[in-house]
1. If I ask for residues that are facing another protein chain (nearest Cβ under 9 Å), open to solvent by 30 Å² or more (accessible area, probe 1.4 Å) and farther than 17 Å from A:Glu97 by Cβ, which ones from region A:48-66 would you list?
2. All but one of (1) closer than 28 Å to B:Trp244 by Cβ; (2) open to solvent by less than 60 Å² (accessible area, probe 1.4 Å); (3) out of contact with any Ser or Thr (no Cβ under 7 Å at 6 or more places or on another chain) hold for B:Val39, so report the exception by its number.
3. If you take just the strands (runs of 3 or more DSSP E) that sit entirely in region A:22-133, which of them hold at least 1 residues that are under 24 Å from the mean Cα position of the chain (by Cα)?
4. Report yes if B:Val187 is under 22 Å from B:Phe248 (Cβ atoms), in a helix (DSSP H, G or I) and either open to solvent by 40 Å² or more (accessible area, probe 1.4 Å) or touching a helix residue (DSSP H, G or I) at 6+ places or on another chain (Cβ under 9 Å) (or both), otherwise no.
5. Could you check region A:134-155 and list, in sequence order, the residues that are open to solvent by 10 Å² or more (accessible area, probe 1.4 Å) and either part of a strand (DSSP E or B) or at positive phi (or both)?
6. Can you tell me which residue in region B:212-244 is least open to solvent (accessible area, probe 1.4 Å), limited to those that are of a type in the set (D, E, K, R) and part of a helix (DSSP H, G or I)?
7. Please indicate, with yes or no, whether at least one residue in region B:48-59 is among the charged types (D, E, K, R) and surrounded by fewer than 18 Cβ atoms within 10 Å (Cβ to Cβ).
8. Looking only at region A:253-276, count every residue that is open to solvent by less than 30 Å² (accessible area, probe 1.4 Å) and either closer than 20 Å to A:His213 by Cβ or touching a residue at least 12 places away in the same chain (Cβ under 8 Å) (or both) and tell me the total.
Amino acid sequence: MAADNEPTSRPNNEVQPPFVHTASAPKPGTVAEALGRRDFKVWRGNALGGGYKDYTAEISAGMVVLDAVHQIQATQAGDLACRWNCKAGKCGSCSAEINGKPRLMCMTRMETLPEGTVTIQPMKAFKPIKDLVTDVSWNYEVKKKIAPFKPKAPEADGTWRMQQFEVERVQEFRKCIECFLCQDTCHVLRDHGKHEVFAGPRFFVHAAQLEMHPLDTVNREPFLKHDGGIGFCNITKCCTEVCPEHIKITDNAIIPLKERVADTYYDPLVRLWRWAFKKGEQPVEPKA
Amino acid sequence: MPDMTTQAVAHQHGFGATARRDLWWLGPLATSIGLLSFVVYSTWAAFQGAYYEAGPYLSPFYSPLIFGTSEHAWIHGTPGWWPTWLPFSAALLVLWAPGGFRLTCYYYRKAYYRSIWMDPVACAVGEPRKSYWGENTLPLILMNAHRYFAYLAVIFIGVLTYDAIKSYLFTGADGAKHFGMGVGSIVLTLNPLFLGLYTFGCHSLRHLVGGKKDCFSCSSFGEARFKMWSAVSVLNRNHQLWAWVSLFGVGFSDIYVRMVAMGHWHDVRFF
């Protein structure tokens with residue numbers, strides 16, 4: 001599952017073990033400081049079951065957990081499955097749970113982990129495929145249910161105009177790399193398995209990105225209330241804590257959306273105001 | 001939603017189960033101690049019905065003093081409709097509003113859902129219960145009333161600011177009011193300041209003043225609303241900090257006034 005991202009400066013005939021192919025590897029001509037060996041417990045298995053297996057890896061300064069996993073792949077477990085691609089925290093592929101915390105393996109430096117055995121597990125909120133690889137396709141099905149961007153009619157000269165200060169709010173949400181760590185740590189999915197009635201923080205961020213766009217015309221509040229199940233969120237901010245892009249998921253996406261849903265469904269004064277003066281703002285309820 | 005059966009074969013199960021190796025329990029423990037301490041003290045203080053004023057100082061737990069016998073009271077005396085089985089305390093008439101504001105506050109919800117209700121106690125840590133309804137049904141669906149408590153909280157900021165101003169007006173030997181300043185004046189001035197920094201960073205106010213708008217430049221008073229939304233957003237970034245600072249501030253204000261009123265502490269007058 002590894003993408004071919006070989007550096008172009010490498011001689012064609014030189015073969016290097018995969019664990020040195022990293023942005024944090026020592027520069028040419030330097031020797032990385034050896035930090036000793038570390039023990040790992042890596043979950044091996046599939047949807048039917050599995051267990052932990054013990055490995056060791058030689059750690060040098062600057063190594064990240066993904067480097068160690070690749071070293072284990074290269075030296076001890078050639079069949080260890082792990083999804084990865086960019087090694088730069090931008091593709092969102094190498095999500096896993098490191099010492100119980102949902103994190104990107106490529107952005108977790110070994111020297112930041114406490115002494116002792118490092119435990120690596122696949123994401124709990126999704127069905128395992130093999131070892132550290134999980135089936136995240138459910139997320140793509142959820143995304144299809146969210147109405148796409150639909151801009152208002154262009155201006156007389158055939159173009160759209162919007163102010164930078166207005167789109168800055170939604171630009172934060174566009175940083176999302178779809179690593180699904182927020183989905184994994186959300187207890188509504190992780191512990192209560194409400195995948196059928198709850199879209200999860202990733203898709204509230206996506207909905208907020210569309211909903212708050214100054215040119216968008218679609219009202220997604222019915223989706224958020226019903227299919228999206230935003231009421232299940234009890235705003236415990238775990239999604240914000242694990243986001244590798246530091247998106248303020250709860251404060252800037254979920255809570256503003258909960259407030260919009262409250263406007264429409266729970267606030268009698270707003271409902272009265274809209275009924276009296278702004279009938280066009282009432283959302284269209286989904287068909288039963 | 002598409003069907004998804006989670007096979008959590010790789011993970012620990014049960015309350016508190018986790019592979020986390022950090023001190024994940026420390027935050028919820030400290031939060032629960034802080035919250036429960038305040039709830040116990042404020043409940044005790046609210047039922048005392050005494051020692052809530054000392055000269056120009058009025059405890060914020062009893063403000064506005066709707067019924068009372070002192071210069072702070074809006075109406076002198078006690079309400080005739082007050083049930084005889086319940087000792088009268090003016091705090092019980094007002095504390096429900098700021099209490100409701102904090103109870104439904106988005107930050108405090110996070111705090112007590114985690115530390116008291118343990119749903120979850122910490123991120124990626126097993127929960128004590130399997131059932132879960134979120135804020136979809138009664139009683140938690142009532143959290144959507146937070147905006148109404150926010151409106152009341154803004155009024156309370158005005159009332160407590162008035163109390164702060166009055167705390168600089170001491171009654172002299174001639175019976176007239178004189179400008180002065182004591183430690184209590186500073187305490188009662190900092191209290192509405194901290195409460196303001198907390199209240200004006202409220203998520204519901206942020207929504208009300210402009211957050212609900214997608215296009216400020218297309219809206220009436222769009223520029224003003226964007227500025228208000230930006231200002232509330234600045235305070236909102238530290239909502240948790242101000243929630244705790246103001247909680248401590250309002251609790252300490254009551255303790256200070258109570259201690260001075262009981263004669264345990266001497267209020268130092270600067271002039």
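The values are calculated or read from the model by the stated rules, or taken from the named source; none is laboratory data. The structure presented is a predicted model; accordingly, all values stated were derived computationally and were not measured. Cβ: placed from backbone, ideal geometry, glycine included. Neighbour counts: every protein chain shown. Note: areas computed on protein heavy atoms with side chains; ligands, DNA, RNA excluded. Shrake-Rupley method; radii C 1.70, N 1.55, O 1.52, S 1.80 Å.
1. A:Leu48 - this is the single residue of region A:48-66 that is facing another protein chain (nearest Cβ under 9 Å), open to solvent by 30 Å² or more (accessible area, probe 1.4 Å) and farther than 17 Å from A:Glu97 by Cβ.
2. Condition (2) is where B:Val39 drops out.
3. By residue number, A:34-46, A:95-98, A:101-104, A:118-121, A:127-130.
4. When the stated conditions are applied, B:Val187 passes them.
5. A:Asp135, A:Pro151
6. Step by step, filter region B:212-244, then rank; the result is B:Arg225.
7. Scanning region B:48-59, I find no residue that is among the charged types (D, E, K, R) and surrounded by fewer than 18 Cβ atoms within 10 Å (Cβ to Cβ), so the answer is no.
8. The qualifying residues number 11.
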